[in-house]
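Bear in mind that the values in this text are calculations on the coordinates, not laboratory data. Every value quoted in this text rests on a predicted model; they were computed, and no experiment measured them. Please note: Cβ atoms are built from the backbone with ideal geometry, for glycine as well, and neighbour counts cover all protein chains shown.
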Amino acid sequence: MVYYVRFLKPPKFHQEKKNAKLSRPQQKKSVFITALICITTDLGDDFLAEDVDLVATWAQRSPRETIDQISLKWQAGSRQLAISMGPYSIDHVSQHEAVFQIRTQTIPQDILGIDTTPLVISGCSAPFKWQSEPAEKLIQREFSMRSKSDPPLKIWEETGNSIARHIWDAALASILFLNQSISGTATAIPLLDQLLKPRGSALQAVELGAGCGIVGIALATMLDQCNVLLTDLPEVEKIVMRNIDEARLKPSSSVRYQNLDWDEPPPNLCSQPIDLILVSDCTYNADSLPTLVSVLDRLVRTSPDALILVALKRRHESEAIFFDLMKDAAFIAQQTTVPLPSQHDQSDTIELYCYRREHVDVS
Ligand SMILES: C[S@@+](CC[C@H](N)C(=O)[O-])C[C@H]1O[C@@H](n2cnc3c(N)ncnc32)[C@H](O)[C@@H]1O
C-alpha cells in the first residue's frame, strides 16, 4: 500500500510575537510558514513506518515558481511532523499568493507506472495568503503518466477523514492498468485491451462511486474519443466538479458528473449505451453491495456488451459477498492483480476483475 502526505493543519503564514532580545533586522523578519503533516494510508489507519527525507517548497501560486525550500525528515514511528519555515519579512510574504508542496527528496515527480509509482505520494496545498485564513483543507496530487504525450493528472482531495473525498489505492491501480492497456501493452484482460483500442465511435464510460473522480478523469486524460460520466453521492459533487474543471483531457474526450445513489437509482438510470463501467474501491461496505450489484445489473441490461472493471483492496472477508452477487446476476470475470509499492521494499496487490454478462444461448 502506498502512503499519502496529508496536511493535518494546512499551511499558513504565522507571525512571531516581538522578542525584545532580537536585533532590529531580526525583528523585521518575523513571519514563518507553518503546517502539520502526516504520511498515512488511504484509510488513514496507519502511518509510514520508515524514515524518509522530504522537501518542503514554498512556491508562488502562478506562475509556479519556487520561493524557498527546506529539507525535512519523516521518522519511522512518527504520527505527525510539524513544519516551520522561515523567518521571512512581511514585505517578502505579502508579495505572493503561495502554495506549499511536500515531496520526497529522491523522487522529483510522481509517475504512475508498474515500476515507477512512488511509495510516498506527494501533495501541494491550496493557495494561501499573508493575513488571511490558512489554506483550504485540500491537497492536490499531481501524477505524470508514463506516456510523455499525456498531460499530468491533477486531482484535489480532502485532507480530513472523509471516505468519499479521497483517493484510494485501488484507484491508482485502475489507472496503472488502464494506462498499460491504452498504451498497447497487452494486459491479462484482452477484452479490455480490445475495447480501449482506437475505434470509429467514442467510448462511453460510467464510473460508480467515483469519489474525487480520479479514475474516470484519468481515462479521459489518456484516451482520445472517450466520454466519461462520473457518479457518486452528493457529498462529492463540489470536489469532483473542481477536478473536472481543472482536468486537461484529450481534446475529443469529455467528463461530466451526476449524482447517483445506488440505494435510490432513478427509474431512467441510463438512456445511452455504455461500453465500460468503472468501480474502484466500492466493495468495502457489505451492506451496500446488493444495491451496487443491482445498479450494475440494470446498467448492463441496456448495454449487454458492456465491460465492468472492478478494482479492490481486500479489507475484510464480508467483501466476498460481492463475488456471489455478481455470479448470481450472471456476470463472469477475468481476474488479475496490480502491484503497488509498500514500505520496507515490500509490494502490495490490488485485485482487478473485468466482468461481462454471460450470454445465455437460448437457441
Ligand atoms: C472508498 S471510496 C472510493 C472512491 C474512488 N472510487 C477511489 O477509488 O478513489 C468509495 C466511494 O463509494 C461511494 N459510495 C458509497 N456508497 C454509495 C452509494 N450508496 N451510492 C453511490 N456511491 C456510494 C462513496 O461516496 C465513495 O466515494
Q) Placing +1 at every Lys and Arg Cβ and -1 at every Asp and Glu Cβ, with all other atoms neutral, what dipole size does the chain have around its Cα centre, in debye to the nearest 20? A) 1760
Q.
Placing one identical point scatterer on every Cα of the chain and ignoring solvent, what is log10 I(q)/I(0) from the Debye formula at q = 0.13 Å⁻¹?
A. -1.02
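Could you work out how much longer the chain between S132 and Q272 gets when fully extended? Use 0.36 nm per residue separation minus the Cα distance between them, nm to one decimal. Don't jump to the answer; show the numbers that get you there.
Values: separation 140, 0.36 × 140 = 50.40 nm, distance 4.69 nm.
Difference between extended and current length: 45.7 nm.
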**Q.** Cβ-based charge dipole, the chain, positive-most Cα from S84, T283, Q194
**A.** S84
Q.
Taking the Cα centre as origin and putting +1 on Lys and Arg beta-carbons and -1 on Asp and Glu beta-carbons, what dipole magnitude results for the stretch 3-136, to the nearest 20 debye?
A. 960
Q: Based on other C-beta atoms within 10 Å, arrange F100, F128 from fewest to most.
A: F128, F100
**Q.** Qualifying trypsin sites (Lys or Arg not before Pro) for the stretch 91-152 [loop in DSSP, other Cβ within 10 Å: at most 10]
**A.** K148
(Q) Give me log10 I(q)/I(0) at q = 0.11, 0.13 Å⁻¹ for the stretch 3-136, Debye formula, one equal scatterer per alpha-carbon, no solvent. (A) -0.43, -0.58
Q: Determine, for C226, C38, the number of other Cβ atoms within 10 Å of each Cβ, and report the residues in order from fewest to most.
A: C38, C226
Q: Give, rounded to the nearest 20 debye, the magnitude of the charge dipole that the stretch 109-223 has about its Cα centre when Lys and Arg contribute +1 at Cβ and Asp and Glu contribute -1 at Cβ.
A: 260
**Q.** Nitroxide proxy distance, nm - points 7 Å out along Cα→Cβ at A202 and E16
**A.** 5.7
Q | Karplus-derived 3J(HN,Hα), 6.51/-1.76/1.60, for each residue of the stretch 54-69, Hz, glycine and proline x | A | 10, 10, 9, 10, 8, 10, 6, 5, 8, x, 5, 9, 5, 9, 7, 9
Q. Cα centroid distance between the stretch 235-278 and the stretch 81-126, in Å?
A. 30
Q) Taking a threshold of 18 Å on the Cα-Cα distance, which of the pairs K154/K250; K9/K137; K29/K137 fall above it? A) K29/K137
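How do E207, E317, E97, E351 rank when sorted from fewest to most other Cβ atoms within 10 Å of their own Cβ?
With the sparsest Cβ surroundings first, the list reads E317, E97, E351, E207.
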Q. Is it possible to state the helix-based mean residue ellipticity at 222 nm for the chain, with each DSSP H run of 4+ residues giving -39500 (n - 2.57), the sum divided by total residues, to the nearest 500 deg cm²/dmol? What is it?
A. -5500 deg cm²/dmol
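Please work out whether the stretch 161-357 counts as rounded, prolate or oblate from its C-alpha gyration tensor, where a ≥ b ≥ c are the square roots of the eigenvalues and a/c under 1.5 means rounded, while otherwise a/b larger than b/c means prolate and anything else oblate?
Rounded is the answer for the stretch 161-357, as its axis ratio a/c remains below 1.5.
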Q: Once you have the Cα-Cα distance between E246 and A186, take 0.36 nm times their residue separation minus that, and quote the gain in nm to one decimal.
A: 18.5 nm
**Q.** Approximate spin-label separation Q95-D224, in nm, with each point projected 7 Å along Cα-to-Cβ
**A.** 4.5
Q: For the stretch 252-261, just list the computed ³J(HN,Hα) in residue order, Karplus coefficients 6.51, -1.76 and 1.60, θ = phi - 60°, integers in Hz, with x standing in for Gly and Pro.
A: 9, 10, 8, 9, 9, 10, 8, 5, 8, 8
Q) Hey, if you put +1 on the Cβ of every Lys and Arg and -1 on every Asp and Glu Cβ in the chain, which of I139, F323, P10 ends up farthest toward the positive end of that dipole? A) P10
